[in-house]
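To start, the structure under review is shown below, and the notes come after it.
The values are calculated or read from the model by the stated rules, or taken from the named source; none is laboratory data. This structure is a prediction, so every number in the text was calculated from the model and none was measured. Note that each Cβ is placed from the backbone with ideal geometry, even for glycine, and that neighbours are counted across all protein chains shown. Surface areas here come from the heavy atoms of the whole protein model, side chains and all, with no ligands, DNA or RNA. Shrake-Rupley method; radii C 1.70, N 1.55, O 1.52, S 1.80 Å.
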Number of protein chains: 2
Amino acid sequence: MDKPRKTQKKETVPNGRPTILDLARHAGVSIATVSRALNTPDVVSDDMRRKVEASVAELGYVTSSVGKALRKQRTRVIGTLLPQLDNPLFSVFAAGVHSALSEAGYVGFIQPVGWDNRQLSKHARTMIANGAEGIIVFGRIDDPDLFRLQKAQKFPLISAYSYHEGSDVPCVGIDNYSATKLLVNLLLQLGHKRIAMLSANMIANDRQQSRIDAYRDVMAEHGLPVFLEDIDLSSPEADPSPRLEKLLKGENRVSAILCNRDVLAYRTLSVCMKLGIRVPEDVSLTGFDELEYASLLYPPLTTVAVPAAEIGRNAARQVISYLEEGRPLSSYRYDTHVILRQSVGAPPAT
Amino acid sequence: MDKPRKTQKKETVPNGRPTILDLARHAGVSIATVSRALNTPDVVSDDMRRKVEASVAELGYVTSSVGKALRKQRTRVIGTLLPQLDNPLFSVFAAGVHSALSEAGYVGFIQPVGWDNRQLSKHARTMIANGAEGIIVFGRIDDPDLFRLQKAQKFPLISAYSYHEGSDVPCVGIDNYSATKLLVNLLLQLGHKRIAMLSANMIANDRQQSRIDAYRDVMAEHGLPVFLEDIDLSSPEADPSPRLEKLLKGENRVSAILCNRDVLAYRTLSVCMKLGIRVPEDVSLTGFDELEYASLLYPPLTTVAVPAAEIGRNAARQVISYLEEGRPLSSYRYDTHVILRQSVGAPPAT
DNA sequence: TTGAAAGCGCTAACAG
DNA sequence: CTGTTAGCGCTTTCAA
């Protein structure tokens, strides 16, 4: 029926989402006016603005960010790489990141990448390709490829959770080494001599490694023996009970166990329960992270409080500041403190 | 030194990321060849391909998805709306979604939106604007605006976790009503007569509401009294202990408490501990969701197993199938089962 | 205050 | 097999 008016191409909206051109036609104005009505309404006459607004409502128009991003060379998208999503520590961290993003009108990609931070670049590349303007990585970045990528693409890159003195890349987080020292010293002060450490996924994990180093160093300082066990949490069929039992009941049994993550402590606690070993009368137990449930266990768990959400927020805000105001990223060290609860006591009288 | 060869505009890469044009210049080929070398390498001569690959490596080139997306009208981005991120139930769900996305080469936005599913459209709009091609919503969608948006934009929209017979929008998930009936009946069979239900964030939450309905209906069937408490988990300062104490110790004390979420059960358990009330001797306790820690508590928690990760995977896969092959979305109902553990026993002999 | 038109990075005809 | 070019949806000069 109606013939094309200008020299314009498309006729109608057959099936796709309405574009700015559809909107302009519907409102009987130019696309430039539509754009202005949407982005700088004050610069457009009331009449025009109303027409556009009415058409937006009627057509259910939503600006396509991809067109906009291409033009403005900005996406307001930031990507986060973390070990896994279904783990309270990381999801609390991610929640912190997202709260900062939302406040600033950004949206976030999340990508679980497993425990090995030596293979990050592939995932980072995908995010960059998909428009991410900055990348937040949980933990230390151990992938030189990612640094190369960063250099070529010049995007803000920040490492969060672990603080490392003199890190190449800006990092905000805690010092796992000294936090662990605090914990070990606490046990020593209580009179413990035979102290074990339970770790998980140690390979290529700077957090676990720093904690192990601290434990080893303090024990060495005092000339005390080291009992280090690596528990594989990723395979549920590998039951850690026998190894724990050896630690808890054998000839060489220990009076305290440092669990390098709260979840490890949860498992250990349930094994103790099963074996009839009392906590803290027979053995003292500590965690690391202060997850929500640490205080709800029986007995409540002594652990290290880590402000994971705050760290995530800080990282995200820094990346945003860099993107918006060009403010350079900087490292920041968060303090930790030990939360002393009933899972820790004096060693049993022999 | 060197003058522009063709009629091309940009000279070098002053500060931004390298584009396909930079790459083409560097490799001494046309942008079309670069594109082909990257996307359909087999259709390009070995010589050209190698040149391009070398330049990619040297320049650290990463395809800009925004250009590509604009051209192909595809982004391979899917958005997920869920109540919060820092809660095991939702993060397990999100992990399921993301595992399916990764497998298919998609990336995911995640947006925490709080408990009220009547205000979803704003968040969905942001995601659509940012290129999301489909939206997954945790729980029932109670926002007519979102349906309007969906109609205008024609994107795949799916509700996950709650299954509702005859839902307008496709939904994959569990039937909260019948799952709860199972749980209540279990307690009745054990001889419990005074059974309370603890709920949280009931307003505009279809899951809690369905569970409450089931509880009410079964109790009514048996002519038994209803004790319903709404606990506000979002404000930590509002201590629920006094109300729980009344439920647990008063004249009208109950012999069993149904907690509508595992986290509620955790809290209740710790209150019991504090009050010296034994579980299950004095009171039986149940949860709902089967979070990772339910089995680690003391006593281990009786709860309802919900395949949250699998539900997330299903929802994501459906959206992808729709996008890739046009396969229409369909609803799917997952079975649940009660996991009977030591937190439940017979009522105390009066 | 409004419109016309260029161009962001990329892919897919179409020519050669 | 390779290059030229149009155009995806949008913003932003530049003119009117």
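Going by the conditions given, is B:A160 open to solvent by less than 10 Å² (accessible area, probe 1.4 Å), closer than 17 Å to B:H123 by Cα, more than 14 Å from chain A (Cβ to nearest Cβ) and among the small types (G, A, S)?
Working: open to solvent by less than 10 Å² (accessible area, probe 1.4 Å): yes; closer than 17 Å to B:H123 by Cα: yes; more than 14 Å from chain A (Cβ to nearest Cβ): yes; among the small types (G, A, S): yes.
Judged against the criteria, B:A160 is a match.
Given the criteria within 7 Å of another protein chain (Cβ to nearest Cβ), away from DNA strand D (no atom under 16 Å from the Cβ) and within 20 Å of the chain's Cα centre (by Cα), does A:R140 qualify? Step through it out loud before you land on a result.
Working: within 7 Å of another protein chain (Cβ to nearest Cβ): no; away from DNA strand D (no atom under 16 Å from the Cβ): yes; within 20 Å of the chain's Cα centre (by Cα): yes.
Taking the combined requirement at face value, the residue does not satisfy it.
Answer with yes or no whether B:L269 is within 14 Å of A:L296 (Cβ to Cβ), at the interface with chain A (Cβ under 10 Å from one of its Cβ atoms) and touching a helix residue (DSSP H, G or I) at 6+ places or on another chain (Cβ under 7 Å).
Details: within 14 Å of A:L296 (Cβ to Cβ): yes; at the interface with chain A (Cβ under 10 Å from one of its Cβ atoms): yes; touching a helix residue (DSSP H, G or I) at 6+ places or on another chain (Cβ under 7 Å): no.
Against the criterion (within 14 Å of A:L296 (Cβ to Cβ), at the interface with chain A (Cβ under 10 Å from one of its Cβ atoms) and touching a helix residue (DSSP H, G or I) at 6+ places or on another chain (Cβ under 7 Å)), B:L269 does not qualify.
Quick one: how many residues across segment A:16-36 are more than 8 Å from DNA strand D (Cβ to nearest atom), of a type in the set (V, I, T) and outside any loop (DSSP other than H, G, I, E, B)?
Residues in segment A:16-36 being more than 8 Å from DNA strand D (Cβ to nearest atom), of a type in the set (V, I, T) and outside any loop (DSSP other than H, G, I, E, B): 1 in total.
Looking for whichever is in contact (Cβ under 8 Å) with a residue 40 or more places away in the chain and in contact with a strand residue (DSSP E or B) (Cβ under 7 Å, 6 or more places away or on another chain) here; the options are B:R253, B:R207. Which one fits?
Values: B:R253 fails: in contact with a strand residue (DSSP E or B) (Cβ under 7 Å, 6 or more places away or on another chain).
Just one listed residue meets the conditions, B:R207.
Any residue at all in segment B:101-118 that's within 7 Å of chain A (Cβ to nearest Cβ), among the aliphatic types (A, V, I, L, M) and open to solvent by 20 Å² or more (accessible area, probe 1.4 Å)?
No, every residue in segment B:101-118 fails to be within 7 Å of chain A (Cβ to nearest Cβ), among the aliphatic types (A, V, I, L, M) and open to solvent by 20 Å² or more (accessible area, probe 1.4 Å).
Could you say which residue among B:V29, B:V43 is modelled with pLDDT of 90 or more, out of contact with any Phe, Trp or Tyr (no Cβ under 9 Å at 6 or more places or on another chain) and open to solvent by 90 Å² or more (accessible area, probe 1.4 Å)? Outline the logic, then answer.
Details: B:V29 fails: open to solvent by 90 Å² or more (accessible area, probe 1.4 Å).
None of the others qualify; the one that does is B:V43.
Within segment B:57-78, track down each residue that is more than 8 Å from DNA strand C (Cβ to nearest atom), surrounded by fewer than 20 Cβ atoms within 10 Å (Cβ to Cβ) and aliphatic (A, V, I, L, M).
Within segment B:57-78, B:A57, B:L59 qualify.
I need the full set of residues from segment A:292-350 which are in a strand (DSSP E or B), over 26 Å from B:I277 (Cβ atoms) and of a type in the set (A, V, I, L, M, F, W, C), in order please. Explain how you work it out, then say what you get.
Of all residues in segment A:292-350, those in a strand (DSSP E or B) come to A:302-305, A:332-334, A:337-339.
Still in the list and also over 26 Å from B:I277 (Cβ atoms): A:304-305, A:332-334, A:337-338.
Passing the criteria: A:V304, A:A305, A:V338.
Which pairs do you get when a residue that is assigned by TED's automatic domain parsing to the domain that holds B:A54 and more than 11 Å from DNA strand C (Cβ to nearest atom), found in segment B:15-28, comes within reach of a residue that is among the polar types (S, T, N, Q) and open to solvent by less than 10 Å² (accessible area, probe 1.4 Å), reach meaning Cβ atoms under 8 angstrom, with the pair 6+ apart or on two chains?
Hits for this filter: B:H26/B:S55; B:A27/B:S55.
With respect to A:L264, is the statement that it is under 23 Å from B:Y298 (Cβ atoms), modelled with pLDDT under 95 and either open to solvent by 20 Å² or more (accessible area, probe 1.4 Å) or part of a helix (DSSP H, G or I) (or both) true? If you could, list the steps in order and put the result at the bottom.
Numbers: under 23 Å from B:Y298 (Cβ atoms): yes; modelled with pLDDT under 95: yes; either open to solvent by 20 Å² or more (accessible area, probe 1.4 Å) or part of a helix (DSSP H, G or I) (or both): yes.
So A:L264 fits the description; yes.
Yes or no: segment B:222-235 includes at least one residue that is within 14 Å of another protein chain (Cβ to nearest Cβ) and either in contact with a Cys (Cβ under 9 Å, 6 or more places away or on another chain) or closer than 30 Å to A:D86 by Cβ (or both). Can you show your working first?
At the first step, the residues of segment B:222-235 found to be within 14 Å of another protein chain (Cβ to nearest Cβ) are B:233-234.
So of that shortlist, the ones also either in contact with a Cys (Cβ under 9 Å, 6 or more places away or on another chain) or closer than 30 Å to A:D86 by Cβ (or both) come out as B:233-234.
Yes, the conditions are met somewhere in segment B:222-235.
I'm checking my understanding of the structure. Among residues of segment B:89-100 that are in contact with a strand residue (DSSP E or B) (Cβ under 8 Å, 6 or more places away or on another chain) and within 7 Å of chain A (Cβ to nearest Cβ), which one is farthest from B:L157 (Cα to Cα)?
Selected residue: B:A95.
With the structure loaded, tell me whether A:E325 is surrounded by fewer than 19 Cβ atoms within 10 Å (Cβ to Cβ) and closer than 30 Å to A:R76 by Cβ or whether it fails that test. Walk me through how you get there before you give the answer.
Details: surrounded by fewer than 19 Cβ atoms within 10 Å (Cβ to Cβ): yes; closer than 30 Å to A:R76 by Cβ: yes.
Spelling it out, A:E325 is indeed surrounded by fewer than 19 Cβ atoms within 10 Å (Cβ to Cβ) and closer than 30 Å to A:R76 by Cβ.
Report yes if some residue within segment B:74-95 is among the charged types (D, E, K, R), within 12 Å of DNA strand D (Cβ to nearest atom), part of a helix (DSSP H, G or I) and closer than 30 Å to B:L21 by Cβ; otherwise report no. Working first, answer last.
To start, the set of residues in segment B:74-95 that are among the charged types (D, E, K, R) comprises B:74, B:76, B:86.
Filter once more, keeping what is within 12 Å of DNA strand D (Cβ to nearest atom): B:74.
The next check asks that each one be part of a helix (DSSP H, G or I); those that pass are none.
No, segment B:74-95 contains no residue that is among the charged types (D, E, K, R), within 12 Å of DNA strand D (Cβ to nearest atom), part of a helix (DSSP H, G or I) and closer than 30 Å to B:L21 by Cβ.
Listed here are the residues, each with its yes/no results for (1) open to solvent by less than 20 Å² (accessible area, probe 1.4 Å); (2) at pLDDT below 95; (3) of a type in the set (S, T, N, Q).
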| site | (1), (2), (3) |
| --- | --- |
| A:A132 | yes, yes, no |
| A:I135 | yes, no, no |
| A:K151 | no, yes, no |
| A:N176 | yes, no, yes |
| A:K181 | no, no, no |
| A:V184 | yes, no, no |
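Condition first: more than 12 Å from every other protein chain (Cβ to nearest Cβ) and within 19 Å of the chain's Cα centre (by Cα). Now tell me which residues in segment B:295-309 satisfy that.
In the first step, residues of segment B:295-309 are kept if they are more than 12 Å from every other protein chain (Cβ to nearest Cβ); the result is B:302-307.
B:V304, B:A305, B:V306, B:P307 - these are the residues of segment B:295-309 that are more than 12 Å from every other protein chain (Cβ to nearest Cβ) and within 19 Å of the chain's Cα centre (by Cα).
Quick test for you: out of A:E281, A:E292, A:E325, A:E245, pick the one residue that is charged (D, E, K, R), outside the structural domain of A:T80 (by TED's automatic domain parsing) and farther than 30 Å from A:K193 by Cβ.
Details: A:E281 fails: farther than 30 Å from A:K193 by Cβ; A:E325 fails: outside the structural domain of A:T80 (by TED's automatic domain parsing); A:E245 fails: farther than 30 Å from A:K193 by Cβ.
Of A:E281, A:E292, A:E325, A:E245, the one residue that is charged (D, E, K, R), outside the structural domain of A:T80 (by TED's automatic domain parsing) and farther than 30 Å from A:K193 by Cβ is A:E292.
Quick grid of which residues meet (1) open to solvent by 60 Å² or more (accessible area, probe 1.4 Å); (2) within 13 Å of chain A (Cβ to nearest Cβ); (3) not polar (S, T, N, Q):
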site	(1), (2), (3)
B:Y293	no, yes, yes
B:N314	no, no, no
B:R317	yes, no, yes
B:I339	no, no, yes
B:G345	no, no, yes
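Given (1) in contact with a Phe, Trp or Tyr (Cβ under 9 Å, 6 or more places away or on another chain); (2) more than 7 Å from chain A (Cβ to nearest Cβ), identify the lone condition not met by B:D86.
(2)
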